[in-house]
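Report on one structure; see the data block that follows.
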Amino acid sequence: MSKIRMAIIGAGVWGETHAFLYREHPSVELVAICDLDRSRARSFAQKFEIPHFFTDHIEMLESLDFDAAAIVTPDFAHGRIAVDCANAGKDLLVEKPLATTREDLAAIVGAVSKNRVRIMTDLHNRWSPPFAVAKEMLDKGELGTPVSAYFRLNDVLWVATDMLPWSARSSILWFLGSHSVDTLRWFFNDEVESVYSVSSSGVLKNLGLDTTDIYQTLLKFRKGGIATMENSWITPNTNPCVNDIKFNFTGSRGMVNLDLSNNQMIESYTQREAKRPDVLVRHFIHGKAKGFAYESIRHFIDCLVSGEEFLVSLEDAVNTSLVILSIFESVRTGKPEKVETIEALSAT
């Protein structure tokens with residue numbers, strides 16, 4: 001069987017995550033990288049031995065034959081690229097969130113349907129071993145029916161101030177809240193009916209970044225479940241993990257607790273620092289890409305080969321983004337807001 005010819009759009013940190021996986025996957029030929037910064041695109045191509053690099057995705061679509069694209073651009077820059085790629089007949093893996101406006105979501109749904117391409121959004125928390133084990137317990141009936149959940153998913157300050165040069169053009173809700181919403185939808189096996197959220201600003205604005213520090217959100221599900229969700233990116237940089245992750249899920253017959261930022265599986269102490277190295281998300285073992293951030297990407301390729309359904313559907317991705325748009329609206333109005341779903345989006 002011929003290999004899947006893959007292109008990456010976006011040569012940043014997470015673009016490299018994709019490249020490491022595609023370079024070693026036996027079913028992939030990595031043929032192109034596209035980035036607005038020509039120098040960065042060229043360097044990326046050299047690092048990963050990619051034969052073609054571009055600064056314009058339209059030029060790449062018109063001049064190069066390939067099968068699928070990974071869109072790894074900033075949160076707000078997914079919509080137009082996804083529509084153009086779908087119209088060109090390319091299967092798509094889009095980094096979360098799928099899109100950040102209702103208009104872009106509707107355009108993507110239309111283009112994917114019209115051109116009958118396959119699409120998955122990289123909501124990779126579903127591949128996190130602790131979450132996957134807890135979900136399996138729930139699916140087996142060990143926890144009973146879903147009742148409530150609490151999910152804290154925060155980042156250290158460094159992410160907003162240094163890691164992401166575009167953080168002021170985005171939100172912690174898009175950057176981490178998309179994972180939170182998708183995980184909660186997955187556990188409750190239900191859609192969010194309404195949300196109520198409050199926010200706080202000041203820490204990052206005092207550092208010259210015009211973005212909100214933290215959101216606290218209450219989600220009500222259609223079947224009666226409730227969840228509390230916290231997302232911020234002002235956790236002190238001395239936190240032992242770049243993320244601050246706490247998760248509690250309570251069912252009618254049991255409960256699970258996850259603490260994924262304070263585990264003691266591995267700790268190191270040197271004259272310079274004490275740290276807890278990442279052994280779950282994105283790391284290497286004997287030169288091979290490991291961790292659940294790679295597993296979700298591997299799943300996309302494996303499903304393209306096998307024809308199986310993606311674990312994250314287009315409906316999952318669209319409904320997750322629509323929940324977040326309602327959270328923004330709740331913060332604006334100071335009131336609970338109803339949540340739209342893909343059915344209503346497709347009808348307009």
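The values are calculated or read from the model by the stated rules, or taken from the named source; none is laboratory data. None of the values given here were measured: they were computed from a predicted structure. So basically every Cβ, Gly included, is an ideal-geometry build from the backbone, and we count neighbours across all protein chains shown. Remember, those area values only see protein heavy atoms, side chains included, never the ligands or the DNA or RNA. Shrake-Rupley method; radii C 1.70, N 1.55, O 1.52, S 1.80 Å.
Volume per residue of the convex hull around the Cα atoms, evaluated for the range 137-243, comes out as 103 Å³. Net charge dipole, the chain: roughly 440 debye, given to the nearest 20, about the Cα centre with Cβ charges of +1 for Lys and Arg and -1 for Asp and Glu.
Summarise the long-distance tail of P(r) for the range 243-324 by giving the % of C-alpha pairs beyond 19 Å. In whole percent, the share of Cα-Cα pairs in the range 243-324 beyond 19 Å is 65. I'd like the distance between the alpha-carbon centres of the range 74-134 and the range 198-255, rounded to an integer number of Å. Here the two parts' Cα centres lie 23 Å apart.
Debye calculation, C-alpha points only, no solvent: report log10 I(q)/I(0) for the range 27-171 at q = 0.16, 0.18, 0.19 Å⁻¹, in the same order as the q values. For the requested q values the scattering log ratios are -1.04, -1.17, -1.23. Ordered from largest to smallest accessible area (heavy atoms of protein chains, 1.4 Å probe), the residues Tyr269, Tyr150 come out as Tyr269, Tyr150.
Rg and Dmax of the range 27-74, based on Cα coordinates, read 10.2, 29 Å.
Quotient of the Cα radius of gyration of the range 180-240 and 2.2 N^0.38 Å, N being its number of residues: 1.38.
For the chain, the solvent-accessible area works out to 45 Å² per residue, with a probe of 1.4 Å and every protein chain left in place. Note on the range 1-62: percent of Cα-Cα distances in each 10 Å bin, starting at 0 and stopping at the bin with the largest distance, equals 25, 57, 18, 1.
Give me log10 I(q)/I(0) at q = 0.12, 0.20, 0.21 Å⁻¹ for the range 201-344, Debye formula, one equal scatterer per alpha-carbon, no solvent. Relative scattering, expressed as log10 I(q)/I(0), comes to -0.82, -1.36, -1.35.
All other residues whose Cβ lies under 13 angstrom from that of Tyr269 are scored, Lys and Arg at +1 and Asp and Glu at -1, for a net of +1. A Stokes-Einstein calculation at 25 °C with viscosity 0.890 mPa s, built on the Kirkwood radius of the chain over Cα pairs, returns a diffusion coefficient of 117 µm²/s. Expressed as a whole percent, the accessible surface of the chain that belongs to carbon and sulfur atoms is 50, based on a 1.4 Å probe.
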